[in-house]
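Below: one structure, written as structure tokens.
What follows draws every value from the coordinates through simple rules; no lab data is involved. As the structure is a computational prediction, the values presented were derived from the model and not from experiment. Here the Cβ is made from the backbone with ideal geometry for all residues, glycine too, and neighbour counts use every protein chain on show.
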Amino acid sequence: MSYDPGRSNAGAERDAHDPAAIEARDQAFAAMFREGEQVWRVDAQYRDKDLAWIVDFLRQGPQGHWLRQRYKYDVPTGVIYFWGATPVPDGELRQLRRAGIRIVL
């Protein structure tokens, strides 16, 4: 998908929700994860003003603690930006895993 600065946001939003665009987004994120890693997508919101998806994942950090990690996926460029991580309390972990979508690599 190429970036056209003259195109309206409405056109970009339609492109962002196109199945092929969503597949490209999901493949870009999948490339970040290790094979066999336990990962759940727990939220994905499209932001029209940014032409971007804001996506939260549940995964284990380097020391084994569960984290909710937030990323921004820029639709026109296909670039992923890390927006931070927060620890997940044990009481919230089960709820997020049940409600999220498991990413299988």
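Summary table
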read-out: Cα-based helix-to-principal-axis angle, 19-30 vs the chain, degrees rounded to 10; value: 40
read-out: Identified option (computed Cα Rg over 2.2 N^0.38 Å; candidates (i) 1.21; (ii) 1.42; (iii) 1.14); value: (iii)
read-out: Inter-label distance for A20 and E37, nm, one decimal - labels placed 7 Å from Cα along Cα-to-Cβ; value: 2.8
read-out: Degrees, to the nearest 10: 90-99 long Cα axis against longest axis of the chain; value: 50
read-out: Region 9-103: relative contact order as a whole-number percent, Cα under 8 Å and 6+ apart; value: 25
read-out: Computed lengthening from A30 to R98, 0.36 nm per intervening residue step minus Cα-Cα distance; value: 22.5 nm
